[in-house]
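Below is one structure, written out as structure tokens; comments come after it.
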Amino acid sequence: MWDLLRVALRNVGRNKRRSLITAITVFIGVLVIAGTRGLLNGLQGEIRSALTQKMHGDLQLHKAGYQDSIDASPYKVMFRFDDALQQKLRDTPGVVAWSPRLRVLGLLNHQKSQTTVPVMIQAFDSVAETAVCPRLPASIVQGGMLVSGTERMEQVQRDDDLAEAQPFDPGKKTRPKSLLNTSGQHQILVTPGLFRGFEAAIGDEVVLLLQDKNNMQQAVVAQIAGVLDYGLPNAQNRLIWMDAGTLARTLSLGDEISELAISIDKNATAEDMKPLLQARVGNTLVAETYLDITGFLRDAMTLQNVIFNAIVVIMFLIVVAAIVNTSLMTVMERTREIGTLMALGYQRKHILFLFLIESAAIGLSGGVAALIAVAAGIAYLGQTGMQFVLPGQTDATVLHPYVSVLFLSMVLALALLSAVIAAFLPAYKASHMRPVEALSKS
């Protein structure tokens, strides 16, 4: 066997052109497969990070029927965020933080442009929300993050100078000073689409028109504090954010919330935590992962993986076909060598193994060279990042490609297997030559 190995390696060096063609074929195949997987991992990793650390958290608790009713009847799917529920969260291993949220429908009026649009309002406490979604403040592209601690409800105050109050005279151009005035401070965040549509500026005054569960009209006057961009396709454009305490007091909701966003330990997975959390809260609430909530992106990532698997199969077939062609040409050129080896006592299995070892050595060298190139490129891009504009977005997203050592090992094994499989037919043909016929060929 050692003699066969030495002869095979010597033959690889003797047939430089054929060996180089085969090695380059394997190199390109491994480079495409491993490089594509690294870029796809970076894209999917950014999507997962954005979903969990900007938007939804790792898990959410909802009332049954939430997804179907939130846009039509948001008050029907609210539930109490009481001490009992908070204790269940504390008792659940792996739960790190949580943020109660309110989601209701309303009308947003931009005072300067006098434009009114329907919006979905998501309200949260800024401290709790940033604990669950730490990348949320970094998603502010203009202005600043709303700070719940600076919210101040309106207070009715009497005018200090009552002597100036005069009866209203229709003939005068100015109205008398009011006996009552109000003061307050509220902040909202808007999406880039709303901000551009209003031709707004940071600090502009807006009015939120709301309808509570008793069908009473309520209003909140606020200022635009910032512009929030999730940087994801299919993100809702007519979405605004405000303080949960302000919205709850305005609508007299008490401790009722629409959803509870949850962050889990970095060593746990949402899929593993979901049944554990569901068992803790019982049947009154439904635990959902970030992928359950975002069906579109989940399906998109599944489709990406299917396409990648198809690319792997196509590249495998291309590599095999190229190596088969090269190996057959090699066998035709080396018939006299094969005949000589047989005349010296080499058996058919030795000839078979000789060609398989040669092909495996070439495939291994091409695969290792490709993996070194891919690993170096992905390591560099993983550190520096690469700009990538997702479909439906105008601002670039920074991707950090990565690939696991296990996957690289699997690709190398696939390259080796491809080389051996491709060489089997030519090697089998060479091993079944008759020595006399092989020696007679020039």
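Just so you know, all these numbers are worked out from the coordinates, no wet-lab data involved. Please read these numbers as outputs of a predicted model, since none were measured by experiment. No Cβ is skipped: glycine too gets one built from the backbone with ideal geometry, and neighbour counts run over all protein chains shown.
Taking other C-beta atoms within 10 Å as the exposure proxy, Thr340, Thr294, Thr326 rank Thr340, Thr294, Thr326 from fewest upward.
In a reduced charge model with +1 at each Lys and Arg Cβ and -1 at each Asp and Glu Cβ, the range 89-139 shows a dipole moment near 160 debye about its Cα centre.
Put simply, the range 283-383 fits an ellipsoid with semi-axes of 49, 17, 13 Å; these come from the alpha carbon gyration tensor as the roots of five times its eigenvalues, largest first.
Going by how many other beta carbons lie within 10 Å of each one, how would you line up Ser359, Ser409, Ser365, fewest first? Show your work: numbers first, answer last.
On the way: Ser359 30, Ser409 11, Ser365 19.
Sorted ascending by nearby Cβ count, the order is Ser409, Ser365, Ser359.
Percent of Cα-Cα pairs more than 24 Å apart in the range 1-136, please.
On the way: 5625 of 9180 pairs.
In whole percent, the long-distance tail amounts to 61.
The protection proxy used here, the mean number of other Cβ atoms lying within 10 Å of each residue, ranks peptides 119-126, 398-405 as follows, highest first: 119-126, 398-405. Taking other C-beta atoms within 10 Å as the exposure proxy, Leu39, Leu303 rank Leu303, Leu39 from fewest upward.
Once you have the Cα-Cα distance between Phe388 and Thr284, take 0.36 nm times their residue separation minus that, and quote the gain in nm to one decimal. It would help to have the intermediate numbers written out before the result.
Working: separation 104, 0.36 × 104 = 37.44 nm, distance 4.20 nm.
Fully extending the segment from Phe388 to Thr284 adds 33.2 nm.
For the range 352-433, the calculated P(r) over all alpha carbon pairs, in 5 Å bins from 0 to the bin holding the longest distance, is 3, 14, 16, 14, 12, 10, 9, 7, 5, 4, 3, 1, 0 percent.
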